[in-house]
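First the structure, in the form of structure tokens, and then the observations on it.
Every number here is computed from the coordinates shown, using simple stated rules; none is lab data. Being a predicted model, the structure only gives us computed values, none of them experimental. Note that each Cβ is placed from the backbone with ideal geometry, even for glycine, and that neighbours are counted across all protein chains shown.
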Amino acid sequence: MNQKTKGYTIREATKKIESYCAYQDRCHKEVNGKLKEMGMIPLAIDTIIGQLIEDRFLNEERFAKSFARGKFNIKKWGKNRIVNELKFRNISKYNITTALKEIDPQEYLNTLDTLAIKRLGQISESNIQKRRKKLADYLLYRGWESHLVYEKLQELIK
């Protein structure tokens, strides 16, 4: 644990963090953590974050929207999981609400349907109750709302 961290000037740190943010949208928490890792003091961190916001490298609303779109489209997460992950990253309630509007309601239900059918095909359990539980657990873990999950269970497993 006796590592020496390279000392950065504010200008060097800003350039490094600008490329970090340009590579992919980041939230304030991630950037703050990265700057702390670089050994920056709190005053320097505030200065750099202010500059990043001003130069549009850092934008919480843009981050929240791309995060919600990406996790839904690529990982097939439900809204509950997306909301929890955004809260973990200290994203404001307003930005979370805005981000969830990025998800088309019809596409959301279609994705749930596709995901449930695919997963049901992978469950080899013969007991109906155990099949239901396995499917419900899977969908709930991925963040789908319980009322939607239980409606889907009624529809698929009779």
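For segment 105-156, what is the Kirkwood estimate of the hydrodynamic radius, computed as the reciprocal of the mean inverse distance between distinct Cα atoms, to one decimal in Å?
Details: mean 1/r = 0.0910 Å⁻¹.
When all Cα pairs of segment 105-156 are included, the Kirkwood radius is 11.0 Å.
So what's the projected area for segment 10-54, the Cα convex hull averaged over all directions, in nm²? If you can, show how the numbers build up before the last one.
Numbers: hull surface 10.8 nm².
That works out to 2.7 nm².
Between segment 84-153 and segment 45-73, what is the C-alpha centre distance in whole Å?
Spelled out, the Cα-based centre of one part sits 26 Å from the other.
Do me a favour and compute the ellipsoid semi-axes for segment 60-100 from its Cα gyration tensor, root of five times each eigenvalue, largest one first, whole Å.
Working: eigenvalues 43, 22, 12 Å².
The equivalent ellipsoid of segment 60-100 has semi-axes of 15, 10, 8 Å.
Which one of S124, Y138, Y108 has its Cα pushed farthest toward the positive end of the charge dipole of segment 105-156, where Lys and Arg give +1 and Asp and Glu give -1 at the Cβ?
Positive-most Cα among the choices belongs to S124.
Per 0.36 nm of contour for each residue apart, how much would the distance between E30 and R69 grow if the chain were fully extended, relative to their Cα-Cα spacing? Don't skip to the end; give the middle numbers.
Details: separation 39, 0.36 × 39 = 14.04 nm, distance 1.87 nm.
So the chain would gain 12.2 nm between E30 and R69.
For the chain, report the % of Cα-Cα distances exceeding 20 Å. Please report the intermediate quantities before stating the final value.
Details: 7376 of 12403 pairs.
Every Cα pair in the chain considered, those over 20 Å come to 59 percent.
Where q = 0.15, 0.21, 0.22, 0.24 Å⁻¹, what log10 of I(q)/I(0) comes from the Debye formula for segment 12-83, counting one point per Cα?
Evaluating at q = 0.15, 0.21, 0.22, 0.24 Å⁻¹ gives log10 I(q)/I(0) of -0.53, -0.85, -0.90, -1.00.
About the Cα centre of the chain, how large is the charge dipole given +1 on each Lys and Arg Cβ and -1 on each Asp and Glu Cβ? Please answer in debye to the nearest 20. Please report the intermediate quantities before stating the final value.
On the way: 32 positive and 20 negative charges, 128 e Å.
Charge dipole, the chain, about its Cα centre: 620 debye, nearest 20.
So how strong a dipole does segment 101-158 carry about its Cα centre when Lys and Arg Cβ are +1 and Asp and Glu Cβ are -1, to the nearest 20 debye? Mind showing how you got there, number by number?
Details: 11 positive and 9 negative charges, 88 e Å.
The dipole of segment 101-158 has a size of about 420 debye.
Quick check on the chain: helices-only [θ] at 222 nm, where DSSP H runs of length 4 and up contribute -39,500 (n - 2.57) each and the sum goes over total residues. Nearest 500, please. Working shown, then result.
Values: 9 runs with 112 residues, N = 158.
After summing the helix terms and dividing by residue count, I get -22000 deg cm²/dmol.
So between S126 and N90, what do we pick up on full extension, going 0.36 nm a residue minus the alpha carbon distance? Kindly include the intermediate steps, with their values, before the conclusion.
On the way: separation 36, 0.36 × 36 = 12.96 nm, distance 4.31 nm.
Length gained between S126 and N90: 8.7 nm.
Residue farthest toward the positive end of the dipole of segment 10-54, with Cβ of Lys/Arg at +1 and Asp/Glu at -1: which of A13, I49, C27?
With unit charges placed on the Cβ atoms, the residue in question is A13.
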